[in-house]
Amino acid sequence: MKSKVFAYMLALVALVSCGTGGDRSALSADEQWTLTVPAGVKADTVSIDTMSVENPFITYDSESNMYYMVADGGYMWTSKELRLWHGSYNILVQDRASWMSKASAIYSPEIHKYNGRYYYMASFERADTMVAGSNGELFPRRSCVALVSNSITGPYKTIDVAGELLDIREKAVHPTFCTDDFGAAYMIYNQDASQNGDGTVQIVRFSENMARRVGEAYIMFSASRNGWSRSANSEENGFSPVMEAPFLFVTDGGRMGIIFTTCIGDEKALGVAYTETGHLDGPWTIEPEPFMTGNVGSAMMFKDYDGTLVMAVQKDTVIDGKQRHLPRLLKMESQFEKLQIKGYYKF
């Protein structure tokens, strides 16, 4: 794992490598698919300022000149200019023989382009399968799975019904994708703090068709190494065990970092870690101050149609007595050795 990651350079939105990758037999070349609205849901056009979605992920597709958003629940929204979004739409096809077909919930989805195809990665929860936590408590299992499509709008299907990316004992969430200099695919994710007591950011290599893992996951860094987070438990003065939503980036100067979500007391906050060697296996050093506070988390970055670097974050707040999860867009800069916020994105 000594090679540098190139595919998540901030100049890119879709990840493309020169490898072969992918089993094209999973989908037929002439398959027709139309975006459909979920049963019982009315298609709508909503301003991003009034949406409430958790773990929003946005990407721009130059071929269709459209923006696409996915979030918890597994649905998709589309937009021409980031302000107004249309949806929600079904994009997944359940394979009854696959592990994810029995999922009771879908968390933290992302869409990435790799070797000419689109991959939908998410954490799927099985309420009928339990895993043990750090104190012996049982939790519904969550595991990260990759689905594939020939089109960004789907349908996304199981690559291998028998494929298992992660250890079946793990409670794994927030997957994201990267490749190395040779085109090998990797998934970065976190093992939930409720299971290990010290949330970890981990990485695992994919098989060539992205259906299975190659070897075991490697821990990049853990929550206990963060000096500024604080536990929400008033009886504790230690670090917050929350370490979630890793997102890999590389500055224009070539410095590799990961932005993540943790907590300061009862509120979410964003932090950044940088690798000291320029390689995925680090060592990784967490910045001594939070990157952004104010109950924000689940950050990711993309480039808009004219190349402006944009960060999407989830802002949690209470409006009229109801908890809301608001997607907020920020204009970013990475000209120097560190990521910087320039202000709110102007539509």
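Just so you know, all these numbers are worked out from the coordinates, no wet-lab data involved. Just so it is clear, the model here is predicted, and its values are computed rather than measured. Cβ: placed from backbone, ideal geometry, glycine included. Neighbour counts: every protein chain shown.
For the reader, a short list of remarks on this structure follows.
- When all alpha carbon pairs of the range 94-135 are counted in 10 Å bins from zero, the resulting P(r) reads 24, 41, 27, 8, 0 %.
- Prolate/oblate/rounded label for the range 218-347 (Cα gyration tensor, a/c 1.5): oblate
- Sequence of Asp252, Asp306 once ranked by neighbouring C-beta atoms within 10 Å, starting from the fewest: Asp306, Asp252
- Over the chain: helical MRE at 222 nm, DSSP H runs n ≥ 4 each giving -39500 (n - 2.57), nearest 500: 0 deg cm²/dmol
- Modelled FRET efficiency - R0 35 Å, Ser224 with Ala127, Cβ distances, 0.05 increments: 0.75
- Within-10-Å neighbourhood charge of Val214 [Cβ basis; K, R +1; D, E -1]: +1
- Annotation: amide H of Met243 within the under-5 Å range of Ala193, Gly199, sequence separation 5 or more or interchain, hydrogens built in the peptide plane.
- The range 22-156 shape via C-alpha gyration tensor axes, a/c threshold 1.5: oblate
- The GluC sites (Glu not before Pro) of the range 192-284 meeting both criteria, a DSSP state outside H, G, I, E and B (loop) and at most 13 other C-beta atoms within 10 angstrom of the site's C-beta, are Glu235, Glu236, Glu276.
- Over every Cα atom in the chain, the radius of gyration and the widest Cα-Cα span, Dmax, amount to 19.0, 60 Å.
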